[in-house]
Amino acid sequence: LKLQTMNLDEPLDVIPPERCDHPLWPEVERVTMDQLYYARLEVEDTPSSGGGNWELFAQDGELRLYKRELEIDGLVCDPLKAVHTVKGVTAHEVCHQFFSPDVRFDWENTLDSMKVVENINPNTLVFHQIHKRVWPAAQRDTVFWSHIRKIDADTLRTKCHPNSTGKKLPYNVWIVCNNSVDRPDVDRGGCLRMRLVVSMCCEMTIDPPVDDDAQITRDHLRCRIIYCSKINPGGWAPASVLRALYKREYPKFMKRFSQYCIDVYKDKPIML
Ligand code: 18C
């Protein structure tokens, strides 16, 4: 399997292919755009606009984590929204690190194993992951497609800016969207299969603004990371264990992952 991932020295514009005949493609398009819209709704927006009811459960500097309590068939499926602002990295760089299988083990600590089971196109892969077992629950695995794309300014203006009035448009926006896929052919190896919808949406601004892109240095880069997840554990797991687990692990993940991105890129040319 030959993976076309980006060479950090030769940035590649990850735009969706004009034509993709894969049967999952309409779903990839739809879910990615839905997630972009959902991510960019402010947490304080009213329920009628689809964004309200978030409860802040952790905060550390610029990092804020919100949850909504939701149980489905007695299973805790609380949606999560985490918002962080980091300096010195671009939206493209952060999304590239979140998408690329080459670096997954450098920042992801919930995994026993990870495999790319299908290459849909250069910016869309299907992953099979086996996660670490959490006592006393059964071990979990996931199969999901993962898609990375840059959102152009026109799409931002016309389709996905819920409160377009009075808000400054970011320099650019990138998103990675992960969504579970039914793949009974992928061996569960005795695990319970979880279902997830996860997105990492990154809005980049240049601060202070410059007249010419050539003047941009890492000191100008501000990246707002909006991480959203909805996970259905797929079978019995004690509610108290699960809520304690995510309250501890999501803040750790957000801090570790963003610091990892800063460290990777600090002495590298900027990938806009
Ligand atoms: O989004 C993240 N990673 C992506 C690439 O891997 C991808 C994966 C998402 C799956 C996340 C769920 C993992 C939970 C598995 C349990 C094992 C945890 C062990 C941790 C011990 C150190 O989108 C980043 C993911 C960051 C996840 C933080 C942990 C969140 C826990 C949420 C609980 C969900 C239910 C799990 C049921 C397990 C049984 C108790």
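Readers should treat all values here as calculations from the given coordinates under stated rules, not as data from a laboratory. For clarity, every value in this text was computed on a predicted model and none was experimentally measured. So basically every Cβ, Gly included, is an ideal-geometry build from the backbone, and we count neighbours across all protein chains shown.
For the chain, what is the percent of antiparallel DSSP beta bridges, rounded to the nearest 5? Kindly include the intermediate steps, with their values, before the conclusion.
Details: 63 of 65 bridges.
In the chain, DSSP labels about 95 percent of beta bridges as antiparallel.
Starting from a Cα-only point model with no solvent, please compute log10 I(q)/I(0) by Debye for the chain at q = 0.08, 0.09, 0.11 1/Å.
So the normalised log intensities are -0.32, -0.41, -0.63.
Take peptides 52-58, 196-202 and line them up by average Cβ neighbours within 10 Å, highest first, as a rough protection proxy.
Answer by packing, highest mean first, reads 196-202, 52-58.
For Lys252 and Ala214, compute 0.36 nm times the residue count separating them, minus their Cα-Cα distance, and round to one decimal in nm.
Between Lys252 and Ala214, full extension yields 10.2 nm more.
Subtracting the Cα-Cα distance from 0.36 nm times the residue separation, let me have the gained length for Lys268 to Ile72 in nm, one decimal.
Contour length minus the Cα-Cα distance gives 66.0 nm.
For the pair Asp185 and Val241, how long in nm is the line joining their label points, each one 7 Å along Cα→Cβ?
With each label placed 7 Å out from Cα toward Cβ, I get 3.3 nm.
Between Ser113 and Lys87, take the C-beta separation as r, use R0 = 30 Å, and let me know the FRET efficiency to the nearest 0.05. Working shown, then result.
Numbers: r = 34 Å, r/R0 = 1.13.
About 0.30, to the nearest 0.05.
At a Förster distance of 30 Å, what's the computed FRET efficiency of Glu62 paired with Lys132, Cβ-Cβ distance as r, to 0.05? Each step should come with its number before you reach the end.
Values: r = 28 Å, r/R0 = 0.94.
Efficiency, rounded to the nearest 0.05: 0.60.
Excluding Asp78 itself, what net charge comes from residues whose Cβ is under 15 Å from its Cβ, given Lys and Arg +1 and Asp and Glu -1?
With Lys, Arg at +1 and Asp, Glu at -1, the neighbours total +3.
In nm, what is the difference between 0.36 nm times the number of residues separating Gln139 and Asp34 and their Cα-Cα distance?
That works out to 34.8 nm of additional length.
Going through the cross-link list Lys168/Lys268; Lys168/Lys266; Lys115/Lys168; Lys67/Lys268, which pairs have a Cα-Cα distance over 30 Å in this structure?
Listed pairs above 30 Å: Lys115/Lys168; Lys67/Lys268.
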